[in-house]
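A.B. asks: One structure, as structure tokens, below. Some questions next.
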Amino acid sequence: MSETPTPHPEQQRTAIYPRSVKGFYRRIKTAIVILAYGVYFLLPWLRWERESGPSQAVIFDITARRFDIFDFTLFAQDIFWLALLFAFAALLLFFVTGIAGRVFCGYFCFQTLWTDVFMYIEHRVQGERPARIKLAESKWNAQKIFKIGLTHFLWLLVAFLTGIAFTLYWGNAPDLIVEILTFQAPFAAGITILFLTLTTYVMAGIAREQVCTYMCPYARFQSAMFDSDTIVVAYDSIRGEGKKGRHKPSKELIKRDKREQQGYGDCVDCGYCVQVCPTGIDIRNGLQYQCTTCALCIDACSKIMTSVGYPKGLIRYSSENEMQGKRTRILKPKTIIYGLVLVAVAVIFFWGLIARSVVDVSVRQVRQPLFVVLSNGDIQNRYAIKINNKTDRQMWLTVSLRGLEGAILDLGRFDKIHVSAASSSTFYVKIKMPPRKILKENKSFEFVLTNINEKSSNWTHTDNFFTPKKLFKQSVLNK
Ligand code: SF4
Ligand code: SF4
């Protein structure tokens, strides 16, 4: 499949006025847009029952350094899982691209979804493609100012609502919306709404296909994942061009067999496939990197083929091999390897997420100073115990020592330690060794922490008790 040369970025942009089209793929795209908008705008309002009480189903709480996604809670220290999730998403994208081309761009990308809605608004306000072209070419008058002004106002409104909805994921939505509406929202929320409003307006309203053509890196490297078996939107040039090329359906060339006899292909050169294309390309020139695989040209051509009584499929999802009469091989070594790696990462991710510890305990010896000699001759070491409680329940823990005969554990004013729900606390404990028990060398021992409410939950940590050699010698002499 051929690739058209890349236009220079400074080349003047040709305005695109996509014509609307009805059909199978358009219906799929509309359903995805409705679903995506529904999820995006309504999800912050969905409540969820947690152990700590009712809360927001999906909330990214930066101040508490935790992300709640239904029953999963990710803390700042779980960033590894987030990284693994991104790695999984990237691998999935590569895998799908190798098989089905830029299907993500055409159906699921935010840029595509939001541009689709902005184009719908433009269409409703300014009319179908010919009316929009006429309006753009007409002189400025009251009607033009009204229509263009209303379009931009509605774009800005959608962009503003997009910004607000995004912000609601980062705080308690019912409280935050009141703060936003009464201009009492935090500064960060205001800046986020402003940023999202402007970027959505510019990307989906003004830049549109330029984002996919010039700004998106995926458009550039996706061809590296393509091969002759990749399913893309393709024009069947053998059928469409025949021996003599495409031809308008004149009186003598309306019947298919007549066209065939005269050597003309099935393409009636109506240009509908080009007019509906949101990136303004002609798919009959072959695969082009600007094509987002939205399949609207398939709907357009199918409609034309049906109206002239020819079989559909002149433009269709196909592979280069299939277009050349060969077999499309979906299952090949490259796909299988990608698939296996994907499954392995998915298993690691989900297993790890389910099996991950909900309580992290770490202990480190205080090194400044490494030890102190108390007035009664005891040698004292200090340790910092850090407990990260990722549950929605508060915890009470007892601390004991294992393997350090004669040592005295000092928890200060407490006999057990308390960690609030979904929080992290550090406690300093002292271990004192009386002179008569002073050891010859450093001694390895274990801290044992036991959850009072769930006796089965306990954690051990191995550490060292430091004894300076000269003190040991002194203690021997003193005995
Ligand atoms: S060529 Fe067809 S599939 Fe590609 S972007 Fe244009 S309309 Fe969509
Ligand atoms: S819509 Fe079909 S028939 Fe019309 S120009 Fe495109 S490929 Fe040819």
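Here, each number is a calculation from the coordinates, and none is a lab measurement. Predicted model, so just to flag it, every value in this text is computed and none were measured. Cβ sites come from the backbone with ideal geometry, for glycine too, and all protein chains shown count toward neighbours.
A.B. asks: Measure out, as a whole number of angstrom, how far apart the alpha-carbon centroids of the range 315-330 and the range 398-430 sit.
C.D. replies: Here the answer is 68 Å between Cα centres.
A.B. asks: Taking 7 Å along the Cα-to-C-beta vector as the label spot, tell me the Arg13-Leu340 distance in nanometres, rounded to one decimal.
C.D. replies: With each label point 7 Å from Cα toward Cβ, the separation is 4.6 nm.
A.B. asks: Excluding Tyr383 itself, what net charge comes from residues whose Cβ is under 9 Å from its Cβ, given Lys and Arg +1 and Asp and Glu -1?
C.D. replies: +2
A.B. asks: Another question, then. Residue separation times 0.36 nm, minus the C-alpha to C-alpha distance between Glu51 and Gln262: what's the value?
C.D. replies: Extra length from Glu51 to Gln262 when fully extended: 68.3 nm.
A.B. asks: Please name whichever of Ile348, Phe414, Leu370 sits farthest to the positive end of the charge dipole of the range 340-414, dipole taken about the Cα centre and charges placed at Cβ: Lys and Arg +1, Asp and Glu -1.
C.D. replies: With unit charges placed on the Cβ atoms, the residue in question is Ile348.
A.B. asks: Using DSSP to call loops (not H, G, I, E or B), can you name the trypsin sites (Lys or Arg not before Pro) in the range 120-176 whose Cβ has at most 12 other Cβ atoms within 10 angstrom?
C.D. replies: Here the sparse-neighbourhood loop sites are Lys139.
A.B. asks: Right, something else. Hey, got the dipole for the chain? About the Cα centre, +1 on K and R Cβ, -1 on D and E Cβ, debye to the nearest 20?
C.D. replies: Dipole size: approximately 580 debye.
A.B. asks: In units of 2.2 N^0.38 Å, what is the alpha-carbon radius of gyration of the range 232-323?
C.D. replies: Taking the Cα Rg and dividing by 2.2 N^0.38 Å, one obtains 1.03.
A.B. asks: Please give the direction-averaged projected area of the C-alpha convex hull for the chain, in square nanometres with one decimal.
C.D. replies: Averaged projected area of the chain's Cα convex hull equals 34.6 nm².
A.B. asks: Quick query: amide H of Gly242 versus all other amide H atoms, modeled in the peptide plane; which residues come in under 5 Å with a sequence gap of 5 or more or a different chain?
C.D. replies: Answer set, sorted by chain and number: Gly265, Asp266.
A.B. asks: In addition: Which value in Å is the Kirkwood Rh of the range 106-154 over different Cα pairs?
C.D. replies: That comes to 11.6 Å for the range 106-154.
A.B. asks: Using a simple spin-label model with points 7 Å from Cα along the Cα→Cβ vector, what separation in nm is obtained for Ala100 and Ile133?
C.D. replies: 3.4
A.B. asks: Counting pairs of alpha carbon atoms under 8 Å apart in space and at least six apart in sequence, what relative contact order in percent does the chain give?
C.D. replies: About 14 percent, as a whole number.
A.B. asks: Find how much the distance from Ile148 to Lys326 grows on full extension, using 0.36 nm per residue of separation minus their present alpha carbon separation; answer in nm with one decimal.
C.D. replies: Gain on stretching Ile148 to Lys326: 59.1 nm.
A.B. asks: Once the piece of chain linking Asp175 and Thr398 is laid out straight, how much longer is it, given 0.36 nm per residue of separation minus the C-alpha distance between them?
C.D. replies: 76.4 nm
A.B. asks: Still on this model: Counting only helical runs of four or more DSSP H residues, what would the 222 nm mean residue ellipticity of the chain come to if each run contributes -39,500 (n - 2.57) and the total is spread over all its residues?
C.D. replies: -12500 deg cm²/dmol
A.B. asks: Hull surface divided by four, with the convex hull built on the Cα atoms of the range 359-478: how many nm²?
C.D. replies: Averaged projected hull area, Cα only: 7.5 nm².
A.B. asks: Further question on the same structure: Distance from a point 7 Å along Cα→Cβ of Ser228 to each backbone N in the range 317-338: keep the residues under 18 Å and list them by number.
C.D. replies: Residues passing the 18 Å test: 318-335.
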